[in-house]
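The values are calculated or read from the model by the stated rules, or taken from the named source; none is laboratory data. Source: prediction; values computed, not measured. In this analysis, Cβ positions are derived from the backbone assuming ideal geometry, glycine residues included, and neighbour counts consider all displayed protein chains.
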4 protein chains.
Amino acid sequence: MLNAPNTPKTQKEDSPIGELRRLLYRHLEPSVWPNAGISPLNWFLIAAILVGTVAAILQTEPLISSGREALFRGLELGLGLVFALEYLVRFWIAAERTGHGIAENRLRFVFSFSGLLDLAIIVATFAPFVTANLLVLRLARIIRIVRLAKLGRMSAAIQRLSAAVASRGVELLFTMGLAATVLVFGATALHLLEGELQSEKFGSIPRAMWWSVVTLTTIGYGDVYPVTVGGKIVASIVAVAGIGLIAMPTGILAAAFSDAFRTGSDD
Amino acid sequence: MLNAPNTPKTQKEDSPIGELRRLLYRHLEPSVWPNAGISPLNWFLIAAILVGTVAAILQTEPLISSGREALFRGLELGLGLVFALEYLVRFWIAAERTGHGIAENRLRFVFSFSGLLDLAIIVATFAPFVTANLLVLRLARIIRIVRLAKLGRMSAAIQRLSAAVASRGVELLFTMGLAATVLVFGATALHLLEGELQSEKFGSIPRAMWWSVVTLTTIGYGDVYPVTVGGKIVASIVAVAGIGLIAMPTGILAAAFSDAFRTGSDD
Amino acid sequence: MLNAPNTPKTQKEDSPIGELRRLLYRHLEPSVWPNAGISPLNWFLIAAILVGTVAAILQTEPLISSGREALFRGLELGLGLVFALEYLVRFWIAAERTGHGIAENRLRFVFSFSGLLDLAIIVATFAPFVTANLLVLRLARIIRIVRLAKLGRMSAAIQRLSAAVASRGVELLFTMGLAATVLVFGATALHLLEGELQSEKFGSIPRAMWWSVVTLTTIGYGDVYPVTVGGKIVASIVAVAGIGLIAMPTGILAAAFSDAFRTGSDD
Amino acid sequence: MLNAPNTPKTQKEDSPIGELRRLLYRHLEPSVWPNAGISPLNWFLIAAILVGTVAAILQTEPLISSGREALFRGLELGLGLVFALEYLVRFWIAAERTGHGIAENRLRFVFSFSGLLDLAIIVATFAPFVTANLLVLRLARIIRIVRLAKLGRMSAAIQRLSAAVASRGVELLFTMGLAATVLVFGATALHLLEGELQSEKFGSIPRAMWWSVVTLTTIGYGDVYPVTVGGKIVASIVAVAGIGLIAMPTGILAAAFSDAFRTGSDD
């Protein structure tokens, strides 16, 4: 994605094939789409991905899927053809990219993360039509859900937001490290205080870490909580630290977004 | 609301009727209210809406409403008359708006979102007095609660805040898309890991999505949670992602409000 | 607090009594304390308030208080004398304030919110020593906890932070109004969907509002949650709205603090 | 850490021993590391700390540790030697610090917080190899987890972030004071309202504070919640205050980080 140019090739190619290739390139690649928003072709692909994901989700519920096997199979076959065609077109238009030769640009697409993801999804979509192996079918089902990740490249706005998050990578990593430290200390303390009383839940530090996660994220399912006075006091300290753990990344991200949008509007 | 002018009509009309119309227009429309804050007439309407909403809420509790049917009916009739009068006045003063002819301004009011809402509310308020159809009565009850939405147009400050949120629409939409993706992936993972052990709760992806929502929003009712080691590890990752899902929109909104207030104070 | 001057009176009074009054004024009033931080006298008062609060809390627990009645009574008597003396001194030094006459400044202190609070606390502290009326004793116990509110005037930093929050009062009020609207709509929807199935929990809108509060604040005790598919879908929407309800005030406050500190450092 | 200079000593020492000491100093002390990021030696120490912590955590789970006692003992012995060597090297290179004499710099290291922590960890690591006293073994286990705190000095970025948090110390302290006040008031109110009905949970203010913490942090385990109408109304107010308690520190930290990064980029 990084070596994709912001402007299409400028040399004049008057052949209708070359013109079609440039047209498809502009419509598929958000960074060279000349108009605001998302191109009609990408809207269609977004719709196809969403329909496919919703179908894959609903298919797992027997109350919905039983008696509609043919409908789901037909939908899956149709979407498989759409994504296969998209892959071939993306391979073809990779030639429009600048900076390298046509062959190298195509190879770069095939071995890029999104290119490999596309190929894996197409293989997974057609697998159930050529095999009845249960493990393959199960894996294919997961990968069909993974298609959602294809949405990421559809919009330039997403790429700008991701850059803002990435620019604070070290600080966010530090916050996660701090969270992990509080997590481990909390689990260790509760293991020492209630390890014998509730051995099933706090009998070892790894077991106590489930309580620690559920408390620090403020979820609090209620399947595990301290029952002694000492345990409740330590749990209160861990819980208050949990508030800080939400406040710190939020503060870092707020500062990052604020700066990103201000810099953007200064241009 | 967008084509409402910021200044009232300036042509001199000396008739007392015209003066009354201009006076009511200034008192009902926050954007042309010359003083700071909210006009006395709008304060009265806010009070009427709040009293009506509280009454509609309390009426559903038998411990409160039984034996007080006449009181609630009388209150409802009185409020219905107030809102009907308000609607007629708003229709009349729509003529004060600039940019179009009087008739067109009035038609625009009738077919605007808030005009249609007003009419629906008035119909719903009087429906129980002319029919005893149970479905109509039930629908009327809901619409009486919807009157709360009328509060939105009472203040210019609300419109400024809404604009700040709207200016970051793409980014907030992206965050919701990301949240939906984590939601689906989390539900898929838990369905694969605990679908057979807790088939009632994780037996299909749509069922597992209830767990996913309750966990990502950090509510954690405790009606459904993972019980295996693998399920707990995946749930921990989803829970930590839930913190990020709170941090990202907060960061975006903080930046939006900060910029909106700074721009405002620069003028 | 608003008409308290930032500088003490400048006229020369050489009497030792007048000098003591000025000294006590500087030590008790944070806004005229010439050094950084909090004065030693205010540190002592903060300690007295905290000790009194902790004692009042612990006294309610029979495991701690039984057998130590004399200790708690003695502590309460000592603190009562400290706060009575503080009140008399504050009455005396009110004369140091500028802008009004000595008598008026003292009357203003007596009838100010903090003056009345001080008096109520002193009366409550000594009440158990002059009466055995159970209701009086119970009320006195609560008011002793209220002493914590006295801490508010101890620091100038607190007053600056409060001003930053107050400057966004309209926006925060709007957020609370929006939260109340979502609360009412969520409760109405769940009442319609599960009112008959779980009549004890969703049988009326006021009952359903307890679920609404517990969900929107993301607490999720687990005593009440939807059990039908429709209820779970609506609850999911309310839960996601709950994230926005946390994000909006946070964004507003972040912007307010950011501006307050930046303006402060520009001086 | 405060008296560590930003530049190494500049006098020419051509002895290979002196050169090795300067080299180790640059590699161990993040503030004098000339390149971006973290030095290879510190990466190795971070890995050793993390491996040791994970081992200490897993060792407490019988399902993992039983039958692998020799492996855990060997790993612990190896890590103990690494940390002992690190301590000796840190003692040796303390001479490179400027501002004081060599002997004083070394004494300062030995009696610094991190120096004493290092020594305690080394003693705790080797204790199980020289004694079988159960209490010593238990204490040693905790201290091995405390090694995580050694990570703090590994990165200059962490020190910058800590400074941003520290710069808002008064405001964050005030927020915690406010949270403590709401906590105490909420617990007092629930104790008064439900102290007799649920005496085990709200029978005294200290007992009610466990409910208060679990509610204000929005964890909501579900082991304790109000059951009366009055209790639920007060709990709702405390819960909404809980949202503000998350919003305020987040706002303060967001402003602090925003300013810290902006100031940093202005240089």
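C:Leu183: over 29 Å from B:Glu200 (Cα atoms), more than 8 Å from chain B (Cβ to nearest Cβ), more than 24 Å from the chain's Cα centre (by Cα) and buried (at least 23 other Cβ atoms within 10 Å of the Cβ), yes or no? For C:Leu183, the condition - over 29 Å from B:Glu200 (Cα atoms), more than 8 Å from chain B (Cβ to nearest Cβ), more than 24 Å from the chain's Cα centre (by Cα) and buried (at least 23 other Cβ atoms within 10 Å of the Cβ) - is met.
Assess whether A:Ala84 counts as being within 12 Å of chain B (Cβ to nearest Cβ) and among the small types (Gly, Ala, Ser). In short, no.
Checked against the criteria, B:Leu137 counts as modelled with pLDDT under 90, of a type outside the set (Phe, Trp, Tyr), in a helix (DSSP H, G or I) and in contact with a Pro (Cβ under 6 Å, 6 or more places away or on another chain). When segment A:23-60 is filtered for residues that are of a type outside the set (A, V, I, L, M) and surrounded by fewer than 16 Cβ atoms within 10 Å (Cβ to Cβ), the ones remaining, listed by number, are A:Ser31, A:Pro34, A:Asn35, A:Gly37, A:Pro40, A:Trp43, A:Phe44. The set of residues in segment C:111-124 that are assigned to a loop (DSSP other than H, G, I, E, B) and of a type in the set (Gly, Ala, Ser) contains only C:Ser112. Here A:Arg144 fits the description: of a type in the set (Lys, Arg) and closer than 30 Å to A:Leu81 by Cβ.
If you scan segment C:39-81, which residues turn out to be farther than 17 Å from C:Ile145 by Cβ, in contact (Cβ under 8 Å) with a residue 12 or more places away in the chain and not in a helix (DSSP H, G or I)? Residue satisfying the conditions is C:Ser39 alone. Every condition in (1) more than 18 Å from D:Leu245 (Cβ to Cβ); (2) within 8 Å of another protein chain (Cβ to nearest Cβ); (3) among the β-branched types (Val, Ile, Thr) holds for C:Val238 except the one numbered (2).
Just one of the listed residues (C:Gly67, C:Gly99, C:Gly115, C:Gly80) is closer than 26 Å to C:Ile17 by Cα, out of contact with any helix residue (DSSP H, G or I) (no Cβ under 7 Å at 6 or more places or on another chain) and either at pLDDT below 85 or assigned by TED's automatic domain parsing to the domain that holds C:His27 (or both), and it is C:Gly99. Evaluation of D:Ser31 against the conditions (1) in contact (Cβ under 8 Å) with a residue 24 or more places away in the chain; (2) under 25 Å from A:Leu183 (Cβ atoms) shows that the sole unmet condition is (2). Say we look at segment D:61-74 and pick out the residues that are under 12 Å from A:Pro206 (Cβ atoms) and surrounded by 13 or more Cβ atoms within 10 Å (Cβ to Cβ); which of these is nearest to the other protein chains (Cβ to nearest Cβ)? Per the stated criteria, the residue is D:Glu61. Say we look at segment C:91-110 and pick out the residues that are of a type in the set (Lys, Arg) and part of a helix (DSSP H, G or I); which of these is surrounded by the fewest Cβ atoms within 10 Å (Cβ to Cβ)? Only one residue fits best here, namely C:Arg108. Being loosely packed, with under 15 Cβ neighbours inside 10 Å and modelled with pLDDT of 90 or more, is that true of even one residue in segment D:83-90? Yes.
Looking at segment C:133-153, is at least one residue within 13 Å of chain B (Cβ to nearest Cβ) and farther than 18 Å from C:Glu76 by Cβ? Checked against the condition, which is being within 13 Å of chain B (Cβ to nearest Cβ) and farther than 18 Å from C:Glu76 by Cβ, segment C:133-153 yields no hits at all. If you check B:Ala124, B:Ala132 for being surrounded by 15 or more Cβ atoms within 10 Å (Cβ to Cβ) and at pLDDT below 90, only one passes: B:Ala124. Just one residue in the set B:Val170, B:Val227 is at negative phi and more than 7 Å from every other protein chain (Cβ to nearest Cβ); that residue is B:Val227. The residue of segment B:190-221 that is farthest from the chain's Cα centre (by Cα), among those that are more than 8 Å from every other protein chain (Cβ to nearest Cβ) and buried (at least 24 other Cβ atoms within 10 Å of the Cβ), is B:Glu194.
Residues in segment D:183-194 that are out of contact with any Lys or Arg (no Cβ under 9 Å at 6 or more places or on another chain) and either without any contact (Cβ under 8 Å) to a residue 24 or more places away in the chain or of a type in the set (Phe, Trp, Tyr) (or both): D:Phe185 only.
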